[in-house]
Amino acid sequence: MQYMLLIYSDEKAAAAMPKADVNKMLPAYEAYTKGLQGAGALLAGDRLRPTDSASTVRVRDGKTQVLDGPYAETKEQLGGYYIVEAKDLDAAIDWAARCPGAAHGAVEVRPLWRMTA
Amino acid sequence: MADDGLIDARIEAERVAREGYGRLLAFLASRTHDVAAAEDALADAFAAALVHWPVTGVPRVPEAWLLVTARRRMSDEARRRRVRERDRDQLLVAAEEAAARCADEQAIPDERLQLMFACAHPALDPQIRAPLILQTVLGLDAGTIASAFLCAPSAMSQRLVRAKRKIRDAAIPFAVPEATDLPSRIDAVLDAIYVAYGEARLTDEAVHLARVASFLLPEAPEALGLLALMLHLQARSHARRGGDGAYIPLTEQDPTRWDDRLIAEAEGLLLRASAFRRPGRFQLEAAVQSAHAARRQTGRTDWPAILGLYDELLRVTGSIVVAINRAVALAAVEGPRPALTALDQIADDHRLADYQPYWAARADVLAQLGRDEAAQAYERAMGLTTDDAVRRFLAERSAAARSRSIGIACRSSIAAGEDAARQRLAGRRQRTP
């Protein structure tokens with residue numbers, strides 16, 4: 001099974017974080033990513049730029065509409081993701097719990113809908 | 001006598017059919033992850049067994065009988081529609097494996113516990129766990145479950161379908177959890193069973209589930225505690241109603257009308273559980289009921305002991321339901337004034353607005369203090385009960401309070417709230433932090 005771990009956090013709070021705290025976060029993510037790699041569970045993953053760089057696209061009546069900003073204005077924003085290989089939901093939840101983001105924000109676990117031939 | 005024999009045959013046939021169904025469903029679903037498909041495959045065979053077995057007798061290998069019928073349907077189905085072929089194949093392979101075991105006289109491994117863990121998984125809505133376990137482990141249909149949970153059959157079906165889809169799509173495991181997670185995951189299973197017990201129409205089914213759980217988890221004292229608790233409550237089911245159908249609260253019940261056999265079994269289970277020296281919420285609840293049951297021998301209720309147990313329960317659960325029961329015991333030990341203080345301390349909780357036992361308890365304590373607000377509290381309790389006999393009982397208490405003829409009897413309607421609503425509170429209890 002493949003799962004996507006979507007990391008949500010308050011990006012304003014993150015932006016306001018003292019540099020020292022940011023410096024602590026980065027090694028935590030590095031270690032986590034190495035852990036995923038070491039277990040052969042890492043398929044993909046990246047950090048997203050803040051939502052003020054987001055654009056939302058819809059096509060209506062054949063016309064492309066672009067809105068400045070994320071799809072939904074929420075208290076916490078999608079800030080990054082991992083795609084992992086896990087045996088079942090429990091294994092995926094274990095990985096989600098280890099993600100540093102789970103300690104302050106939230107990590108949503110979604111099974112991927114594999115496009116099979 | 002002959003009629004009794006027939007009824008016994010029917011009950012026994014149904015028990016074996018449900019047993020076999022649950023085992024087969026667990027076996028197939030844990031291999032395919034597809035609960036709905038396994039249910040589909042077994043549905044006709046199970047229905048046929050419920051019709052035939054009471055007449056023809058239970059077959060020697062019930063699972064083999066069910067499988068023969070089920071496999072015919074599975075392959076027909078596979079031939080008829082070629083959709084989702086791979087899933088069908090998986091199911092057929094699992095069924096072949098089960099059939100081969102039956103033919104070898106090997107028992108099919110009992111994976112109902114794994115099935116229960118899947119159905120009570122933390123990733124599923126807590127509200128759907130009990131219905132899901134009732135449906136998958138015992139083969140109850142959605143209509144029966146819906147009526148027990150006071151919910152529209154279509155809505156219940158939809159929620160069950162959705163839960164099964166999540167089990168399949170998110171790959172919720174059919175497994176006994178790791179040791180670190182085990183205690184909390186066992187609690188989720190036991191909670192779901194206790195919620196099922198709370199639905200008055202499903203008490204027998206829930207006791208059956210608790211038996212299965214305690215059989216499969218012999219090292220889990222809380223599983224034994226839950227069964228002990230339920231058997232103690234079951235032992236009083238007849239004593240709870242008078243000849244005229246009137247409600248009789250626990251403290252006024254005639255102990256000779258309690259079921260000795262069930263009480264003895266409950267006491268044995270509680271003893272076994274206590275040997276593990278790992279007390280928990282269900283063991284403590286069972287111990288409270290055990291203390292009430294002791295009135296059969298001693299002729300009196302040991303309220304101080306019960307208060308001590310509720311103190312401990314409150315410490316373990318922090319539950320508002322327990323806080324109410326503790327206040328009731330406090331009234332019996334130290335009188336109504338400290339009990340009212342205890343109830344006042346939780347009065348702000350918004351969940352109490354529609355919680356019948358709270359208003360019944362409050363009414364009794366107020367009545368014992370001779371306070372006028374008692375009538376209003378009784379009225380609120382009456383408006384919140386679903387049981388007509390309890391409603392009449394509370395009306396009598398209210399009238400008695402109004403004419404200031406308060407006495408020892410008052411204490412009993414507190415137990416009325418406790419006893420009758422214990423059923424419904426199970427669900428509430430779960431949501432209580």
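Read the figures in this text as sums done on the coordinates, not as results from a lab. Note that the structure is a prediction, hence the values are computed from the model and not measured. Glycine also receives a Cβ, built like all others from the backbone with ideal geometry; neighbour counts cover every protein chain displayed.
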Dipole check, the protein assembly as shown, charges on Cβ (K,R +1; D,E -1), about Cα centroid: among B:Thr385, B:Gly57, B:Leu28 the Cα furthest to the positive pole belongs to B:Thr385
Could you give me the ³J(HN,Hα) list for the stretch B:113-122, computed from phi with Karplus coefficients 6.51, -1.76, 1.60 and θ = phi - 60°, whole Hz, x at Gly and Pro?
5, 4, 4, 5, 5, 5, 5, 10, 5, x
Using the Cα centre of chain B as the reference point, and only Cβ charges (+1 on K/R, -1 on D/E), how large is the resulting charge dipole? Debye, rounded to the nearest 20.
660 debye
Please list, in order along the stretch A:72-87, the HN-Hα scalar couplings obtained from phi with the Karplus expression 6.51 cos²θ - 1.76 cosθ + 1.60 (θ = phi - 60°), rounded to whole Hz, x for Gly and Pro.
10, 7, 10, 5, 10, 10, 5, x, x, 8, 10, 10, 10, 9, 9, 5
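Let me have the relative contact order for chain A, percent, based on Cα pairs under 8 Å that are six or more residues apart.
48 percent
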Relative contact order for chain B using alpha-carbon pairs under 8 Å, separation at least 6, rounded to a whole percent?
12 percent
How many percent of the alpha carbon pairs in the protein assembly as shown exceed a separation of 37 Å?
45 percent
If you count, for every residue in A:90-102, the Cβ atoms of partner chains within 10 Å of its Cβ, what is the mean?
2
Taking every residue of B:168-174, the Cβ atoms of other protein chains inside 10 Å of its Cβ average out to 5
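Can you tell me the length gained on complete extension of the stretch B:Ser75 to B:Arg300, counting 0.36 nm per residue apart and subtracting the Cα distance?
Working: separation 225, 0.36 × 225 = 81.00 nm, distance 6.40 nm.
Roughly 74.6 nm would be gained on extension.
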The relative contact order of the stretch B:30-157, taking Cα pairs under 8 Å that sit 6 or more residues apart, comes to a percentage of 21 percent
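Quote the charge dipole size of the protein assembly as shown about the Cα centre in Debye, to the nearest 20; the model charges only the Cβ of Lys and Arg (+1) and of Asp and Glu (-1). It would help to have the intermediate numbers written out before the result.
Numbers: 72 positive and 74 negative charges, 148 e Å.
The calculated dipole for the protein assembly as shown is roughly 700 debye.
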Over the Cα atoms, compute the radius of gyration (one decimal) and Dmax (the largest Cα-Cα distance, rounded to a whole number) for chain B, in Å.
23.7, 77
Could you go through the stretch B:90-101 in sequence order and give the Karplus-derived ³J(HN,Hα) for each residue, using 6.51 cos²θ - 1.76 cosθ + 1.60 with θ = phi - 60°, rounded to whole Hz, and x for Gly and Pro?
4, 5, 4, 4, 4, 5, 4, 4, 5, 5, 4, 5
Taking a ≥ b ≥ c as the square roots of the Cα gyration tensor eigenvalues, with a/c under 1.5 meaning rounded and otherwise prolate when a/b beats b/c, else oblate, which class fits the stretch B:111-217?
oblate
State whether chain A is rounded, prolate or oblate according to the following rule on the C-alpha gyration tensor (a ≥ b ≥ c being the square roots of its eigenvalues): a/c under 1.5 gives rounded; otherwise a/b larger than b/c gives prolate, and the remaining case gives oblate.
oblate
Whose amide H sits under 5 Å from the amide H of A:Gln77, counting only residues 5 or more places off or on another chain, with H placed in the peptide plane?
A:Ser9, A:Asp10, A:Glu11
Given the C-alpha centroids of the stretch A:38-117 and the stretch B:133-166, what is the distance between them in whole angstrom?
32 Å
Choose one of B:Ala43, B:Ile346, B:Tyr194: the residue whose Cα lies farthest towards the positive end of the charge dipole of chain B (beta-carbon charges +1 Lys, Arg; -1 Asp, Glu; about the Cα centre).
B:Ile346
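Once you sort the root eigenvalues of the Cα gyration tensor of the stretch B:113-152 as a ≥ b ≥ c, which label holds: rounded (a/c under 1.5), prolate (a/b larger than b/c) or oblate (the other case)?
Oblate.
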B:Phe276 label point, 7 Å along Cα→Cβ, cut-off 16 Å on backbone N: hits in the stretch B:217-234?
B:217-230
Lysine pairs meeting the criterion (Cα under 22 Å, 8 or more apart or interchain), as found in the protein assembly as shown:
6
Let's see if you can work this out: charge +1 on each Lys and Arg Cβ, -1 on each Asp and Glu Cβ, no other charges. What is the dipole magnitude of the stretch A:2-111 about its Cα centre, in debye to the nearest 20?
200 debye
Filter the trypsin sites (Lys or Arg not before Pro) in the stretch B:260-313 down to the DSSP loop ones having no more than 10 other Cβ atoms within 10 Å, then list what survives.
B:Arg277, B:Arg300
Show me A:89-95, B:172-178, B:236-242 ranked by packing, highest mean number of other Cβ atoms within 10 Å first.
A:89-95, B:172-178, B:236-242
